[in-house]
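Take a look at the structure set out below.
The values are calculated or read from the model by the stated rules, or taken from the named source; none is laboratory data. Given the structure is predicted, the values throughout are model-derived calculations rather than measurements. Ideal geometry is used to build each Cβ from the backbone, glycine not excepted, and the neighbour counts take in all protein chains shown. Ligands, DNA and RNA are excluded from the accessible area calculation, which covers all protein heavy atoms including side chains. Shrake-Rupley method; radii C 1.70, N 1.55, O 1.52, S 1.80 Å.
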Amino acid sequence: SSVQTIGEEQIQNPYTELLVLKGHQDIVRFLVQIDDFRFASAGDDGIIFLWNAQTGEKLYELHGHTHKITAIAPFSSSDGTEEKTDLIITASADRTVIVWDCASGRQVQKVSCFHSTVKCLTVLQRLNVWLSGGSDLCVWNRKLDLLCKTSHLTDAGISALVELPKNCVAAAVGKELIIFRLSASNNGSEGWNVLEVKRLVDHQDNISSLVNVNDLTFVTGSHIGELIVWDALDWTKQASECNFWDSSVHPDIQPEIKLSQSPNETSVQHLTSDEECVFAAVGKGIYVYNLQMKRVIACQRTAHDSSVLHIEKLPNRQLISCSEDGSVRIWELREKQQLPAEPVPTGFFNMWGFGRANKQANQAAKKMQENTPMYFLELVGDLIGHSSAVQMFLYFGELGLATCSADHLIILWKDGERESSLRSLALFKKLAQNGDLQLKL
């Protein structure tokens, strides 16, 4: 099935204006939100930029790493004696981790004691600690004092982390999912312990994505298209989906004749959730998996020309996806009009023995209808601006959308009507002020 197209008339797409933010000298891979108005960007040039999401103004340029950034995380901290402090922590292929103060742009702390590159960072806000994942799992306080660490896990290292209830975390290490529990020392000191409590080996290939749904559920995805739903309390497998690309499972999709599935066509690149559903970027497609029904309820197998790298659900019924093909697309999840199943024929056809055959056909049709997704994804917006792979994006509500790309650019997509009304309002205020000045003169 071919990729959907949308004409110039994109009535439901509000993003009709854009601001291009320049500064990076290499691929921009990461965007993190600091607060309602600020965000940070980082990538392969090792530089971190802080931006104003409303105006596109560059606030700070942070230098301290000598190689590409491999992970970034925001952290707002406060205690009884201090005001709230907005920090960001960055990890790099130079095997260092740096904490930055977002208010001043200054380096707070730098640590260079790592034996391998830190690939992921997670903040446990409730415990006021950071976790760094590489060849081992380290626990830090906000001043980057090492509280405790695991022994060397594997040369491959931890590729992703997700917070779980009861002071636990799940770490993706190759095909395995390792559950760790954090605990404070009982002797009154500030010491901490991190203990491995369980290993889950249900995946057949390396785990590529992790998402926390709620306090009861989390979900993992692998490179060969497996999605597994886990109980977050006892870490048992609740459900799984391994047939995203199988047209027999999704009968409303045109089958494609292929000799084999290449890994990038089936890999789960990114997962997100709204507690009711999990939204999965699988190969070039987008799939909506309902957690209660334990099945895919809507999909777009060829949402983009190339692999989908990032997907997010908006507060309304819309999704946004971005891809290696350089496009950013807006989708709306709409309910499909279900045709009522036909009643079993009676009378004349029954006399000639057709009733039984029709009943069987009717049951088959009903079964087919039950397997068919009840929703569909309609393309309502296509944002063309980047010339290379769009790595990810941030949604800022009425302030718009920020995207980053391998073309070294960040684009702020703006609601044209809102921006026009803001300009008009500013002009009226200026005219009113000028009028007051003239009256005073």
Whole-angstrom gap from the range 58-127 to the range 132-149, using each part's C-alpha centre:
12 Å
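With charges set only on the Cβ (+1 for Lys and Arg, -1 for Asp and Glu), what does the dipole of the range 98-157 come to about its Cα centre, in debye to the nearest 20? Numbers along the way, then the final one.
Details: 7 positive and 4 negative charges, 41 e Å.
For this selection, approximately 200 debye.
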How much accessible area per residue does the range 1-125 have, counting only protein heavy atoms and a probe of 1.4 Å, in square angstrom?
50 Å²
Residue separation between E17 and K110 times 0.36 nm, minus their alpha-carbon distance, gives in nm 29.6 nm
Charged-residue dipole, Cβ positions (Lys, Arg, Asp, Glu), the range 66-140 about Cα centre, Debye nearest 20:
280 debye
So who's got an amide H within less than 5 Å of the one on S323, skipping anything under 5 residues away but keeping other chains? H placed 1.01 Å off N, in plane.
L309, V390
What is the dipole size for the range 46-202, taken about its Cα centre, with +1 at each Lys and Arg Cβ and -1 at each Asp and Glu Cβ, in debye to the nearest 20?
280 debye
Given a cut-off of 19 Å, name the pairs among K58/K313; K119/K149; K119/K175 whose C-alpha atoms lie farther apart than that in the structure shown.
K58/K313
Which percent of the accessible heavy-atom area of the range 32-177 goes to carbon and sulfur, probe 1.4 angstrom?
46 percent
